[in-house]
Structure formats: C-alpha cells, structure tokens
C-alpha cells in the first residue's frame with residue numbers, strides 16, 4: 001500500500017523539457033490514468049516514477065519517503081509494458097519467478113507466489129511454455145503476473161493493451177479492473193485510449209506537452225472539460241466546436257455564430273462573463289437530442305448520416321453551422337431532410353477563444 | 001512460409017517463350033561462373049592425388065591415373081620447413097591453440113561491449129563507439145611496430161598470449177559493431193523489465209542478453225574463425241618460433257627454394273590448411289548470409 005507524490009517534477013532529454021514542473025498526488029489504492037496523445041510525456045513520467053528515467057528536478061515520494069534517486073528494484077513497484085517485454089528464452093514460470101530468484105527467496109515461497117499469480121490470471125496451464133508460443137493476450141497476462149509476484153505496492157502500466165485487438169483489449173481491461181478491486185494497490189496507468197481511461201480510472205490526468213491539463217474523475221473530465229484540448233481529446237464521436245460570440249440580449253447571454261443562435265442563460269458559467277466575449281462552443285453529439293415537440297426545437301438540414309449500430313450519427317446544418325448529433329435508429333432521420341433537435345446547453349462547454357480554457 | 005510458397009506455385013502463370021530463353025541464359029551463365037570458380041579447387045584436388053611422375057606430365061586437368069594419398073600423408077606428417085620435417089600437424093596444433101581462446105574471448109568482449117553500448121546509456125558512449133569503429137578502419141600494419149615494442153617491454157613478445165591478445169584486440173571493433181547492431185534491435189523494455197526485477201549489469205547480461213544472442217554469436221564465430229585461421233601476418237610477427245600458425249608453416253613448405261618442388265604435397269598442404277574455414281562455410285552458410293544481413297534480422 002502506497003501513496004505517490006510528485007513534487008515540482010522536471011524531466012528533460014538534453015535541452016528538451018519533456019515534463020515541466022509537475023505536481024501530482026496519488027492516493028493509496030487509487031487507480032490513476034495518465035491520458036494524452038503520443039509525445040505528451042506520459043510514458044516518460046511513468047518511467048520516472050519507476051526509476052527508469054532520471055529526473056532533472058523535483059522529488060518523487062512514495063509514502064512520504066523520498067525515492068527520487070532510488071534504484072527501480074528498491075521502489076516496490078511492478079511494471080507492465082506495451083511490448084510485454086517477456087524474457088524470450090525463459091519459460092513462463094521462469095519469467096514470473098525471475099525477480100524472486102534474484103532476490104534470493106526460497107524455492108517454496110517462489111512456487112507458492114507463482115501459483116497464486118498464475119491462478120489469479122488463469123495462466124496455470126501455460127507455465128511451461130515459452131513466450132513465443134503464447135498469444136498476445138496470454139503474453140500480457142504473463143507480464144501482469146510478473147508484476148504481481150513481486151508483491152508490488154504500486155503498479156505501473158505503460159499502454160499495456162495497445163498491442164491487442166479490440167475484443168481482447170476489452171477483456172483484459174475488465175481483468176485489470178477486477179485485479180485492482182481485489183488487490184486494492186495503487187495503480188498508475190498510461191494510455192492514449194480514452195475508453196480505457198474512462199472505464200478504469202478513479203481519476204484521470206489529461207496531459208499535453210508535459211503539462212497536466214485536467215486532473216479529475218472520469219465523469220468530470222468528460223462532462224466538464226477544463227479546456228478545449230481536453231474537450232476534443234475525449235469523446236467519440238468527437239465534440240463539435242463552433243467559434244462565435246457571447247452577446248448580451250436583455251439580461252440573458254446568447255451565443256451567436258453568424259445566423260446561429262443559442263440561449264446560454266442556463267449555462268453554469270464558472271466566472272462572470274460580459275457580453276461581447278468571443279468564445280468557442282463545445283457540444284458533444286449526444287447533447288443534441290431529437291426534439292419531441294419541444295418549443296425550443298431548432299430545425300437542421302441533414303446532410304449525411306453515419307449508422308453506428310446502436311445509434312446513428314447525423315451531420316446537419318443549423319443556420320450555417322454544421323453539427324454532428326446522435327439520433328436513435330427509429331427517429332426517422334434521413335439525409336437531405338430537415339430534422340428538429342433541442343440542444344442541452346447545461347451540458348455544453350464554452351471555452352475562451354484565446355486561452356482555450358473553460359468559461 | 002511453406003503454405004505461401006505452395007499457393008504461389010499453384011497459381012503460377014506459365015512462362016512465355018522469351019522468359020524460358022531468359023531463364024536458360026541466366027542458368028547457363030551462373031553454371032559457367034560456378035565452374036570457373038571451382039576450377040582451382042579441382043586442379044588442386046586432382047594434383048594432390050597424383051604422384052610426382054604424373055604431375056611432371058603437365059596435364060593439370062586430367063584425373064589421376066594411379067590414385068594415391070601419399071602426398072596428403074607427407075604434407076601432414078613429414079613435409080619439411082627448413083630443417084624441421086614434421087609436417088603440417090604442428091602448425092595445425094598451433095593454429096588451434098591460437099584460434100580457440102582468441103575466438104572465445106573476442107566474441108565475449110564484443111558481446112559485452114555491444115551490450116554496454118546499446119543498453120546502458122553511458123556518458124560519451126557514442127564517442128567511445130566512434131573510436132572503436134575508427135579502429136576497424138586503421139590498417140594492421142600501422143600497429144605492428146608499436147605492438148612489438150609493447151610486447152617486448154612486457155616480456156611476452158613471441159609467445160602464445162601475445163598472439164591471442166593481438167587477435168582479441170583486432171577483433172574487438174567488428175565484434176562490438178556486430179553485437180551492438182543486433183542488440184539495438186531488441187526492445188529496450190526487456191532491459192527495463194529486468195531492472196525492475198532487480199537484475200544488475202551482469203545478471204541482465206548473463207541471464208537475458210546472452211541467451212538471446214545465439215544467432216548473432218554463430219555469425220561472430222564464423223567471422224572470427226575464418227579471420228583468425230587465415231591470418232598470416234600477425235601470426236608470423238607475434239606468435240614466436242614455437243607457435244607459428246598453420247598458414248605460416250604452409251608458406252614455408254610451399255616456398256622452399258632448394259630441391260624439386262613437390263607440387264602434389266604443396267596442393268595437399270594447401271587444401272589441408274584451408275579445410276577449417278571451408279568446413280565452417282559449408283556447415284553454416286545459412287547463418288553466414290544471415291549475419292551479413294544482420295541488423296535487419298531479429299533473432
């Protein structure tokens with residue numbers, strides 16, 4: 001059991017700063033996901049927590065103990081890599097027990113631990129095989145097992161599911177979630193896959209250019225993105241973005257973009273916004289709902305529909321603004337027809353045009 | 001692989017008239033080239049099985065009329081180098097004594113260097129590597145005099161250790177390059193995982209990296225065995241009178257200036273000397289090709 005605290009952490013390769021003065025505290029037993037596009041420094045940050053990359057400034061604390069310069073093996077961590085990184089010349093059993101054998105633990109204890117981990121991950125029947133005789137999913141199970149047998153307090157996952165196909169990915173995702181529930185260890189998980197982040201995390205840290213953009217629960221990160229980047233990085237199909245202006249109309253604020261108008265008086269602004277402020281409207285497709293005889297319904301001309309199985313993604317033109325929105329299969333939405341919708345402005349997001357931060 | 005080849009075969013389109021003639025031309029040309037390169041070996045073999053009377057007839061391409069192994073026996077047991085008539089077997093023994101430690105240690109050091117350079121990002125690793133590479137481009141001759149002086153100072157000049165150390169040093173740049181390129185194709189996560197498992201520099205090298213190095217080690221063995229066995233210059237200069245390798249002895253046998261030249265014995269001695277690298281090539285041709293293409297090959 002361990003909490004992790006990063007204080008003013010800096011990591012750079014040569015003159016290139018990868019992570020810039022980063023502060024982050026991870027609670028004991030928390031599942032934290034570092035989410036971001038490739039090159040945002042999330043994997044480097046994870047490696048630094050694991051002791052595989054030297055930091056150029058700041059401190060790393062595990063349980064208030066400074067481990068900034070501790071050797072990886074002394075940190076009480078287990079790590080799982082995207083490329084599995086199994087030792088190819090050793091059997092699964094020897095892969096699992098390698099660390100324990102180095103630590104000089106007695107044979108009986110090693111056998112017990114390997115057996116426990118293998119049963120937990122359902123790989124008991126694979127113990128005598130070489131990694132090359134395993135499928136991708138099995139290999140990643142073994143790699144997770146290798147972290148398990150070490151009795152790690154903190155588990156580090158570096159995009160563990162990125163090499164697997166969609167079905168296996170969903171399966172192992174569930175497995176990891178179960179594992180976290182069983183072990184109650186602190187887990188730090190790096191991914192660029194938003195579904196993994198949303199399903200697994202207690203909290204998500206969305207990163208870009210070595211800086212954490214938002215650190216919050218999955219729901220908050222999804223519903224109330226802190227800035228334009230977070231809003232568009234999460235969500236599939238992607239968030240609609242419309243650039244326009246917030247104008248005062250009597251005592252209400254109205255968002256306008258050309259002929260397009262949206263009443264913003266019910267939007268929970270985080271700060272006081274004056275009329276005339278330029279803003280970007282962020283609207284998720286599921287927050288534009290088919291109108292069922294509502295008064296505030298607006299008509300759009302459907303230009304294209306994309307059936308997605310459970311629902312249909314429609315692209316419609318509303319007074320010169322093209323928006324994608326989700327409709328049900330039976331809502332009768334067809335291309336080149338008009339379709340009435342209502343926009344749930346409470347769930348929309350407004351961002352500042354200049355800074356991109358949420359208003 | 002097999003099934004692929006099969007399916008390609010099944011759907012193969014028949015060759016056109018022009019293509020058939022093209023193939024015939026190519027194979028004729030290749031066949032002639034092969035014959036041309038095999039010709040010296042043929043002459044050597046048939047000559048070595050002839051008696052001197054037959055050799056004097058001058059028909060170098062004809063098969064021996066009376067097949068005889070005398071020349072081979074003589075070359076191996078009693079051919080003379082100067083006053084010493086003990087045959088090539090002495091040189092063979094010396095060559096083996098030089099070969100085994102030189103090959104083993106140059107490969108071990110090469111692997112170790114390659115491992116350290118590609119996995120442990122030592123400060124100045126690139127400069128170090130560049131220096132090593134440069135070393136493989138400097139001609140041997142430049143080193144000879146300084147090395148002779150150095151060995152003379154340390155008192156090991158003209159001994160087995162002197163020649164073995166020389167081979168190890170000269171083998172290092174190429175061996176390091178070979179292993180470094182091979183290791184840089186291995187995923188670095190492997191190394192990270194081992195560090196988290198608590199393995200140190202030597203543990204990772206011995207338990208993980210070395211067992212994975214078998215394919216490239218075979219290539220290295222082929223390269224080093226061939227190079228060290230065929231060496232003449234270094235053996236002549238550094239090995240000393242008692243440890244002269246087979247190549248030097250062969251030269252002494254073939255280049256005697258007194259008496260009649262025993263061509264049949266010379267031929268047999270030459271074939272005997274080249275037997276080791278020849279066997280290595282024949283047995284491991286597949287691996288050798290793989291080694292040339294190494295870097296592109298991952299185990």
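Read-outs throughout are calculated quantities, based only on the coordinates presented, and are distinct from any laboratory measurement. None of the values given here were measured: they were computed from a predicted structure. Don't worry about glycine lacking a Cβ; one is built from the backbone with ideal geometry, like all the others, and counts go over all protein chains shown.
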Once you put a point 7 Å from the Cα of residue A:217 and another 7 Å from the Cα of residue A:311, both along the Cβ direction, what distance in nm separates them? 2.1 nm
With label points built 7 Å along Cα→Cβ from the Cα atoms of residue B:120 and residue B:59, find their separation and express it in nm. 6.8 nm
Would you mind ranking B:223, A:308 by Cβ crowding within 10 Å, fewest neighbours first? A:308, B:223
Once you place label points 7 Å from the Cα toward the Cβ at residue A:347 and residue A:125, how far apart are they in nm? 4.4 nm
So what's the angle, to the nearest 10 degrees on a 0 to 90 scale, between helix A:107-120 and the longest Cα principal axis of chain A? 20 degrees
When Cβ neighbours within 10 Å are restricted to other protein chains, what is their mean count per residue of peptide A:144-157? 1
What's the FRET efficiency of residue B:19 with residue A:94 using the Cβ-Cβ distance as r and R₀ = 56 Å, to the nearest 0.05? 0.55
Tilt relative to chain A, helix A:166-183 - C-alpha long axis, 0 to 90 degrees, to 10: 70 degrees
Gyration tensor verdict on chain B (Cα atoms; rounded if a/c is under 1.5, prolate if a/b is larger than b/c, oblate otherwise): oblate
Average Cα contact separation per residue, segment B:121-240, under 8 Å, 6 or more apart, as relative contact order %: 45 percent
Tell me, how many Å apart are the Cα centres for segment A:85-153 and for segment A:218-270? 50 Å
Of A:263, A:344, A:336, the one that fluctuates the most in a GNM where chain A has Cα springs shorter than 10 Å: A:336
For segment B:162-178 and segment A:317-335, distance of Cα centres in Å: 73 Å
Using only Cα atoms, tell me the angle between helix A:136-148 and the longest principal axis of chain A; keep it within 0 to 90° and round to the nearest 10. 60 degrees
Mind checking which of A:301, A:208, A:167 has the largest fluctuation in a GNM of chain A, springs on alpha carbons under 10 Å? A:167
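Which FRET efficiency value, to the nearest 0.05, do you get for residue A:68 and residue B:97 by plugging their Cβ-Cβ distance into 1/(1 + (r/R0)^6) with R0 = 35 Å? Present the calculation step by step, with values, prior to reporting the outcome.
Numbers: r = 54 Å, r/R0 = 1.53.
With a Förster radius of 35 Å, E is 0.05.
Taking only C-alpha pairs under 8 Å that are 6+ residues apart, what is the relative contact order of chain B in percent?
For chain B, the relative contact order is 27 percent.
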What is the order of A:289, A:45, B:38, fewest Cβ neighbours within 10 Å to most? B:38, A:289, A:45
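As a check on your grasp of the helix formula, calculate [θ] at 222 nm for chain B: sum -39500 (n - 2.57) over DSSP H runs of n ≥ 4, divide by the residue count, round to the nearest 500. Walk me through the intermediate numbers first.
On the way: 14 runs with 211 residues, N = 299.
For chain B, the value works out to -23000 deg cm²/dmol.
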For chain A, with a Gaussian network of springs between Cα atoms less than 10 Å apart, report the residue from A:148, A:35, A:262 with the top mean-square fluctuation. A:262
Percent RCO, i.e. relative contact order, over segment A:1-143, from Cα pairs under 8 Å lying at least 6 residues apart: 21 percent
So for B:43, A:302, fewest C-beta neighbours within 10 Å to most, what's the order? B:43, A:302
